[in-house]
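The values are calculated or read from the model by the stated rules, or taken from the named source; none is laboratory data. Everything numeric here is computed off the predicted structure, so don't read it as measured data. Every residue, glycine among them, receives a Cβ derived from its backbone with ideal geometry; neighbour counts consider all protein chains shown.
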Amino acid sequence: MGSSLQQPVWVKGSAFPLKGEMKLNGVKLWSVKPCKASKLEGSLVTGRPPSVSVPIPEMAGAGNNFADYELGEADPEVRGIIDKEKEHQFRSLELIASENFTSRAVMEAVGSCLANKYSEGLPGKRYYGGNEYIDELETLCQERALAAFNLDGKQWGVNGLDLPHGGHLSHGFMTPKRRVSGTSIYFESMPYRLDESSGLVDYDMLEKTATLFRPKLIIAGASAYPRDFDYPRMRKIADAVGAFLMMDMAHISGLVAATVVANPFEYCDIVTTTTHKSLRGPRGGMIFFKKDPILGVDLESAINDAVFPGLQGGPHSHTIGGLAVCLKHAKSPDFKAFQNKVVSNCRALANRLMELGYKLVSGGTDNHLVLVDLRPLGLDGARVEKIPDMASITLNKNSVAGDKSALVPVVYA
Ligand SMILES: *Cc1c(COP(=O)(O)O)cnc(C)c1O
């Protein structure tokens, strides 16, 4: 739940001097009247700045009139849809726990020329040339990622629950008849659950089942769990069965960075996160790993190789740019104050809902989300979701421990 709505103000036209000349220290750099691609290519081909580009003979035919207009001119239809979406985001109260409003600065980086580069590999070890600045950017982003979570670069590097119990699909979700998520097709997963009376993770049951199942990996972290995790307890269980301990802190990474919830890095071997939830960055993800071998495995190379070439193609350098900006912000006192407010607002909301007689899963919240159990009211989340939506309040349904279906759940986040 974002409490400060830092959307860019409406700006008519572009900040970039599209029409006319651009001057630097009185020197005319180049004249951009919507620029012709042939002129631009000329400068890119020679590798010299556009001011000294050699004129390339104009090609004949219809294709040479390729002008670079701003979006409103080039495509009013898409511009119009974006404007409607922006209006909607301004007008409505956004209470979806996994969403946030990223900053204008992040959006500028994401909408920049960084989007043009191919840069498979790692800084200094790329498959394509011309990555000098992309390397600089990614290195800066990595340094900031470690700094945002107060990690020592010598120890850390950077490159589940059952769904109806607040977990995430990616931790391996299956129904009795069907393996739903890709991870449940490729991996054998064993969910652990909440104690349905307390709404808290049933650590005793986790310990028992882990002893029987002997997992290689135990995953902490969830998408719909309003409480903090007992990392020391999970570490103990992982050690007893010889498993790695991983925290998927996607929902709460902003709260972790601001140190308003417990710190998973103290106990886990691997920590993953999305970057667009409470961290308030661009859509993306990060994987943190311990640098020293764990259980005889070099996590650094295992994870880096799995990302590329194992799973991913070209990285999104524009997203890395936006992420670097977000991580700088995450280190500021501003950000800490913001996250403190997120948690105290959420607590106030939880208390008021309980005063009004609603039943909350786990009876409250430690973080940025509340889960209302609608079953005592004889209602389901799928239907109730529509009513606040009509009042421009956006929230999302979620299943709750005991639900029969994860797709038509009876609870509300
Ligand atoms: C959001 C989330 C993810 C990533 O989900 P995407 O749909 O890929 O953004 C992974 N794990 C958890 C626990 C999450 O909450």
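What to note about this one:
- Qualifying residue in the range 33-42 (condition: under 21 Å from the mean Cα position of the chain (by Cα) and at pLDDT below 90): no
- Selection status of ALA258, crowded, with 17+ Cβ neighbours inside 10 Å, touching a strand residue (DSSP E or B) at 6+ places or on another chain (Cβ under 7 Å) and among the hydrophobic types (A, V, I, L, M, F, W, C): no
- Residues of the range 294-306 include at least one that is on the phi > 0 side of the Ramachandran plot and either buried (at least 19 other Cβ atoms within 10 Å of the Cβ) or out of contact with any strand residue (DSSP E or B) (no Cβ under 9 Å at 6 or more places or on another chain) (or both).
- The range 244-257, residues that are of a type in the set (A, V, I, L, M) and away from the ligand (no atom under 14 Å from the Cβ): LEU245, ALA257
- Index of the failed condition, GLY314 passing every other in (1) at negative phi; (2) part of a helix (DSSP H, G or I): (2)
- Residue match in the range 258-271 (condition: in a strand (DSSP E or B), at pLDDT 95 or above and either within 12 Å of the ligand (Cβ to nearest atom) or not basic (Lys, Arg) (or both)): yes
- Annotation for the range 202-219: no member residue is closer than 22 Å to SER98 by Cα and in contact with a Phe, Trp or Tyr (Cβ under 7 Å, 6 or more places away or on another chain).
- Filtered residue count, the range 261-275, keeping only those that are closer than 23 Å to ASN304 by Cα and either of a type in the set (Gly, Ala, Ser) or surrounded by fewer than 23 Cβ atoms within 10 Å (Cβ to Cβ) (or both): 7
- Any chance GLY166 is out of contact with any Ser or Thr (no Cβ under 6 Å at 6 or more places or on another chain), at positive phi and at pLDDT below 95: yes
- Positions within the range 273-302 being within 16 Å of the ligand (Cβ to nearest atom) and of a type outside the set (Ser, Thr, Tyr), in sequence order: HIS276, LYS277, LEU279, ARG280, GLY281, PRO282, ARG283, GLY284, GLY285, MET286, ILE287, PHE288
- Residue list for the range 195-216, restricted to those being touching a helix residue (DSSP H, G or I) at 6+ places or on another chain (Cβ under 9 Å) and either within 14 Å of the ligand (Cβ to nearest atom) or small (Gly, Ala, Ser) (or both): SER198, GLY199, VAL201, ALA210
- If only residues of the range 338-387 that are among the polar types (S, T, N, Q) and part of a helix (DSSP H, G or I) are counted, the one that is farthest from ILE252 (Cα to Cα) is ASN351.
- Output for the range 170-194, where each listed residue is away from the ligand (no atom under 16 Å from the Cβ) and either part of a strand (DSSP E or B) or under 16 Å from LEU245 (Cβ atoms) (or both): MET174, ARG179, MET190
- Residue that is away from the ligand (no atom under 16 Å from the Cβ) and either modelled with pLDDT of 95 or more or not basic (Lys, Arg) (or both), where the choices are ALA147, ALA97: ALA147
- The set of residues in the range 217-233 that are within 15 Å of the ligand (Cβ to nearest atom) and under 16 Å from ASP366 (Cβ atoms) comprises ALA220, GLY221, ALA222, SER223, ALA224, TYR225, PRO226, ARG227, ASP228, PHE229.
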